[in-house]
Amino acid sequence: MIFLKKIFAAVILTAVVTALSGCSRGAGLISGADAPAETTMATIEAVTEAPLPDTSKLAAAEGTYVYDRVGVLTAEQVAEINSYCEKLYRERLVNAAVVIADDIGGKTPYEYADECYTDIYEGRGSGLLLLVNNDTGTDYLYRTGSCLKAIPEGEDSLAFFWATKHIMDGDYFSAVLRVMELGERCPLYVFDNIGLFYDEQLTALEEKLAAGKKSVYVLATSNGTGKSNEEICRSYFERCSEDGKGFMIMLDTKANAVAVVSDEKVSAEVEKAKTAAEKLLKEGDAPAAVDIVLAAIG
């Protein structure tokens, strides 16, 4: 019997994990809520399941995002999910991955998912990793960065309910797509890998950039790599800019530094705005730092 467990309130470090648990796979959510809430089968089943994303026409992925260590997916299904995950990786700058395992080595599902994300993405960026755990029957959705705030409350539980039904029917392909589709809720313009912006600030900035005359993207991070801010900013820009045009603004809170890259020459006015923006970033006013660079970009 498929059942929904209570939604438990907890925040685990900087990542949120969502669990499908129970011997027959039920669903529960670990989130940032303040108190437990009851979710009933009738509440979820009253909602009609939405169509799955069409992955059949996506271009073949260049990277590897699916690690089916059990062999429950066909080669064609792996290819389609790979292509979908790469779409999230490029359009939403989400470090997406799917791991299907029948042996998690005695670790907790959270520990195993965290270890997988670290192995694949060095623990960096905004991530969405689904662990389908056929070892103990408890699956986890591991989230970091912008994926923590972007997925609306309740959509997790709904996605996991339908995914559970698919898994019980032996349809792992639909189950994986149903959960990974949550990545579509992540922003298209603001990539906050470190939780720099408050929810209201994030929403306002996303709306402002979406309505802008030029394609401008914002990346908030803390550069602990050996790469320069310009290198990181350029790599993110090349991932998300479909036509190669526009600007990427990067806020590095570790060095209180601002980088701007573009397909065109960055003007002296923008360079001057960067200096003022760095002062604002150091003072803790990230939205104002972005605004002053946006004004210079025009």
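The values are calculated or read from the model by the stated rules, or taken from the named source; none is laboratory data. All of these numbers come straight from a predicted model, not from anything done at the bench. Because the Cβ atoms are built from the backbone with ideal geometry, glycine has one as well, and the counts that use them run over all protein chains shown.
So, in the stretch 102-119, of the ones that are touching a residue at least 40 places away in the same chain (Cβ under 8 Å) and within 16 Å of ASP68 (Cβ to Cβ), which residue ends up surrounded by the most Cβ atoms within 10 Å (Cβ to Cβ)?
Residue satisfying both the conditions and the ranking: ALA113.
Read through the list (1) under 15 Å from the mean Cα position of the chain (by Cα); (2) more than 20 Å from CYS240 (Cβ to Cβ); (3) part of a helix (DSSP H, G or I), then give the number of the only condition that LYS165 fails.
Going through (1) under 15 Å from the mean Cα position of the chain (by Cα); (2) more than 20 Å from CYS240 (Cβ to Cβ); (3) part of a helix (DSSP H, G or I) one by one, LYS165 breaks only (1).
Residue under question is VAL132, and the condition is that it be surrounded by 19 or more Cβ atoms within 10 Å (Cβ to Cβ), of a type in the set (A, V, I, L, M) and either outside the structural domain of VAL72 (by TED's automatic domain parsing) or touching a Leu at 6+ places or on another chain (Cβ under 6 Å) (or both); does it hold?
No.
For the stretch 70-101, which residues satisfy the criterion of being part of a loop (DSSP other than H, G, I, E, B) and either hydroxyl-bearing (Ser, Thr, Tyr) or surrounded by 13 or more Cβ atoms within 10 Å (Cβ to Cβ) (or both)?
VAL70, VAL72, LEU73, THR74, ARG92, LEU93
Condition check: in contact with a Leu (Cβ under 8 Å, 6 or more places away or on another chain), surrounded by fewer than 24 Cβ atoms within 10 Å (Cβ to Cβ), free of Cβ contacts under 8 Å to residues at least 60 places away in the same chain and charged (D, E, K, R). Does GLU184 satisfy that?
Against the criterion (in contact with a Leu (Cβ under 8 Å, 6 or more places away or on another chain), surrounded by fewer than 24 Cβ atoms within 10 Å (Cβ to Cβ), free of Cβ contacts under 8 Å to residues at least 60 places away in the same chain and charged (D, E, K, R)), GLU184 does not qualify.
Residue-wise test of (1) aliphatic (A, V, I, L, M); (2) over 15 Å from the mean Cα position of the chain (by Cα).
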site	(1), (2)
TYR84	no, no
ALA97	yes, no
ALA101	yes, yes
GLY106	no, yes
ALA113	yes, no
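Condition check: of a type outside the set (Lys, Arg), closer than 24 Å to GLY123 by Cα and in the same structural domain as ALA96 (by TED's automatic domain parsing). Does GLU181 satisfy that?
yes
Test ARG178 against the criterion of being in contact with a helix residue (DSSP H, G or I) (Cβ under 6 Å, 6 or more places away or on another chain) and crowded, with 21+ Cβ neighbours inside 10 Å, and give yes or no.
yes
State whether one or more residues within the stretch 145-160 are within 30 Å of TYR198 (Cβ to Cβ), in contact with a Phe, Trp or Tyr (Cβ under 7 Å, 6 or more places away or on another chain), buried (at least 24 other Cβ atoms within 10 Å of the Cβ) and modelled with pLDDT under 95.
For the stretch 145-160, residues within 30 Å of TYR198 (Cβ to Cβ), in contact with a Phe, Trp or Tyr (Cβ under 7 Å, 6 or more places away or on another chain), buried (at least 24 other Cβ atoms within 10 Å of the Cβ) and modelled with pLDDT under 95: present.
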